[in-house]
Amino acid sequence: MAGFVGRGGDNPGNMKNIVILISGSGSNMAAIVQRAQQERWETRLGARVAAVISNKADAQGLVFAKEQGIATALLNHKDYPSREAFDAALMQEIDRHAPALVVLAGFMRILTPGFVQHYAGRLLNIHPSLLPAFPGLRTHERAIEAGCKFAGATVHEVTAELDHGPILAQAVVPVLPNDTPDVLAARVLTQEHRIFPQAVADFLQRLG
Ligand code: GRF
C-alpha cells in the first residue's frame with residue numbers, strides 16, 4: 001500500500017516538473033532543491049521540484065522535503081509482491097506529477113526494464129564513482145582497495161544496464177593515504193552536491 005505523507009499533483013503554469021526519488025538522507029535531493037531556490041528555476045527555467053518519493057519510511061530526506069512544502073510520498077517496496085508490482089505502483093505515483101525529469105538521488109533500488117523504458121531520456125542518476133569504474137555497491141571501499149589515486153562521482157542518464165548510460169557530469173577527488181571508505185565518501189559527497197544540481201539545470205536548459 002502506498003502511504004501518502006504529503007500532497008501535490010497540480011501543475012500551475014505548465015511547469016516542467018522534477019520528481020526526485022530517495023532512500024536515505026536525501027542530501028543530493030536537498031542540494032537540488034536549494035539550488036532551484038537560489039537560482040529561481042521556476043522563473044528562469046520554468047521548472048520546479050514537484051515531488052519527492054521514498055521507498056523507506058525513515059528516509060530523512062522526506063522531513064526536509066516536507067519542510068520545503070514539496071509533495072512527498074512513501075511507497076515501501078516490501079509492501080509489494082514483486083519488483084514489477086512495486087515499479088508499476090511507483091510509476092503511477094511519479095506520473096501523477098507528469099514529470100519532465102525523474103531524478104534518482106540515492107534511490108537504492110534496482111529498476112525493472114519497464115521502468116527504465118518508461119522514463120527513457122528523462123531519467124538521471126548519480127553514482128559515487130568515476131564510471132565506468134566501480135558500478136554497483138561499496139564503491140569507496142573498492143576504490144581504496146584497488147589503490148586508486150583518484151575517486152569521484154558521475155551523473156548519468158539511466159539505461160537498462162545498472163550504472164551505465166551516457167555520462168553527463170563527473171567530479172574528481174584525490175584518494176588520500178589514510179582514507180577510510182567513510183572519509184572518502186564524505187569528500188565525494190561534497191562534489192556530488194555541486195555537480196548534480198548543475199547537471200539537472202543543464203538538462204532542463206536543453207529541454208528549452
Ligand atoms: C550518494 O553518495 C549517492 O551517490 C549514492 O548514495 C548516496 C546518497 O546520499 N547513490 P544522499 O541520500 O543524497 O545523501
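Of all the numbered requirements in (1) surrounded by 14 or more Cβ atoms within 10 Å (Cβ to Cβ); (2) modelled with pLDDT under 95, Glu161 misses one, and that requirement is (1).
Conditions tested, residue by residue: (1) open to solvent by less than 10 Å² (accessible area, probe 1.4 Å); (2) of a type in the set (Asp, Glu); (3) part of a loop (DSSP other than H, G, I, E, B).
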| residue | (1), (2), (3) |
| --- | --- |
| Gly152 | yes, no, no |
| Val172 | no, no, no |
| Asp179 | no, yes, yes |
| Phe196 | yes, no, no |
| Leu204 | yes, no, no |
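Conditions tested, residue by residue: (1) open to solvent by 10 Å² or more (accessible area, probe 1.4 Å); (2) in a helix (DSSP H, G or I); (3) free of Cβ contacts under 8 Å to residues at least 24 places away in the same chain.
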| position | (1), (2), (3) |
| --- | --- |
| Val19 | no, no, no |
| Arg48 | yes, no, no |
| Ile53 | no, no, no |
| Gly61 | no, yes, no |
| Ala65 | no, yes, no |
| Leu90 | no, yes, no |
| Val116 | yes, yes, no |
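Scanning region 21-37 for residues that are more than 7 Å from the ligand (Cβ to nearest atom) and under 9 Å from the mean Cα position of the chain (by Cα) turns up just one, Leu21.
The values are calculated or read from the model by the stated rules, or taken from the named source; none is laboratory data. If you're wondering where the values come from, they're calculated on a predicted model, not measured in any experiment. Neighbour counts run over all protein chains shown; Cβ positions are idealised from the backbone, glycine included. Side chains are part of the model used for accessible areas, which takes the heavy atoms of the whole protein and leaves out ligands, DNA and RNA. Shrake-Rupley method; radii C 1.70, N 1.55, O 1.52, S 1.80 Å.
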